[in-house]
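Before any comments, here is the structure.
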Amino acid sequence: MGNKAGGKGKKDPTILSDDDIKELKLNTQYTEEEIQAWHTGFLKDCPSGKLDKKQFLNVYKKFYPEGKADKYCNFVFKAFDTDNNNWIDFTEFLLAVGVSQHGNLEEKLKMAFDIYDQNKDGRINRKDMTKIIEAMYDLANEEDRSGDKSPDKRVDMIMQRLNKEKDDVVLRNEFVQGCLRDEFLRKILAPNTAILPGGQTSKTTTSTNVPVNSLSTETGAEV
């Protein structure tokens, strides 16, 4: 999701510095005016300059009122909280929104991998996949988890299609390349990248795309 130069190292997270703007212009498609507009909206909902996990979860719950958003929200929040101090600053926020709105397929797949890779070591294993699938089931209020729909069986199938039957570890590049060549894997592992007839990207499936876009709406930024 790009490299963050500023952000939480600043004493005051409400301030948008020139370095922050340069970093965001380099890693997103937003102009300086658009970045300023996003920042103004962000501060309306997060006056401290910090988006905490509780607020993040509240957004998810609005979009999945029938499901249990807590687990999946935790995965996404941790992926966006790049320096692990339990809040998302404006730079982290806009980098994520930028990928969601303007990222190409490979960039969105990398974001999906980051959500799976909770310890941020560039690799995921069967246990990681099982946890995220269970969280996605919770989010979608999916109660049928028997047979081929069981998380363990689903992970077995994923590993087979990634040609990793004899290996419990999937590296970032293996994940991205596997999803690029296999649309079925994309639908399971990164549903926000699934292409609909006419070339449009789905925004209605369980994915980071809907909640991140909803967060942009919550902050009131108009770009």
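The values are calculated or read from the model by the stated rules, or taken from the named source; none is laboratory data. None of these values were measured; they are calculated from a predicted model. So basically every Cβ, Gly included, is an ideal-geometry build from the backbone, and we count neighbours across all protein chains shown. To get the accessible areas, we keep the full protein, side chains included, count just its heavy atoms, and leave off ligands, DNA and RNA. Shrake-Rupley method; radii C 1.70, N 1.55, O 1.52, S 1.80 Å.
Observations, loosely collected:
- Of the residues making up the range 36-71, just one is over 16 Å from the mean Cα position of the chain (by Cα) and either within 19 Å of Asp117 (Cα to Cα) or of a type in the set (Val, Ile, Thr) (or both), namely Thr40.
- Selected residue (only one of Gln118, Gln177 is out of contact with any Gly (no Cβ under 9 Å at 6 or more places or on another chain), of a type in the set (S, T, N, Q) and modelled with pLDDT under 90): Gln118
- Residue in the range 105-114 that is more than 11 Å from the chain's Cα centre (by Cα), over 19 Å from Gly178 (Cα atoms) and open to solvent by 10 Å² or more (accessible area, probe 1.4 Å) present: no
- So Thr91, is it under 30 Å from Phe175 (Cα atoms), modelled with pLDDT of 90 or more and open to solvent by less than 60 Å² (accessible area, probe 1.4 Å): yes
- Selected residue (only one of Lys187, Lys131 is open to solvent by 80 Å² or more (accessible area, probe 1.4 Å), modelled with pLDDT of 90 or more and not β-branched (Val, Ile, Thr)): Lys131
- Qualifying residue in the range 72-83 (condition: modelled with pLDDT of 90 or more and more than 14 Å from the chain's Cα centre (by Cα)): no
Here's the yes/no breakdown for (1) within 25 Å of Tyr137 (Cβ to Cβ); (2) part of a loop (DSSP other than H, G, I, E, B):
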site: Ser48; (1), (2): no, yes
site: Tyr60; (1), (2): yes, no
site: Glu66; (1), (2): yes, yes
site: Asn84; (1), (2): no, yes
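- Whether a residue is touching a residue at least 24 places away in the same chain (Cβ under 8 Å), among the basic types (Lys, Arg) and in a helix (DSSP H, G or I) was assessed, and Lys25 does not pass this test.
- For the range 17-38, the candidate set comprises residues that are open to solvent by less than 30 Å² (accessible area, probe 1.4 Å) and among the hydrophobic types (A, V, I, L, M, F, W, C); within that set, the residue that is nearest to Gly49 (Cα to Cα) is Trp38.
- Subset of the range 153-173 [over 19 Å from Ala79 (Cα atoms), open to solvent by 50 Å² or more (accessible area, probe 1.4 Å) and either modelled with pLDDT of 90 or more or among the polar types (S, T, N, Q) (or both)]: Lys153, Arg154, Asp156, Gln160, Arg161, Asn163
- Residue check for Asp117: among the acidic types (Asp, Glu), open to solvent by 60 Å² or more (accessible area, probe 1.4 Å) and in contact (Cβ under 8 Å) with a residue 40 or more places away in the chain: no
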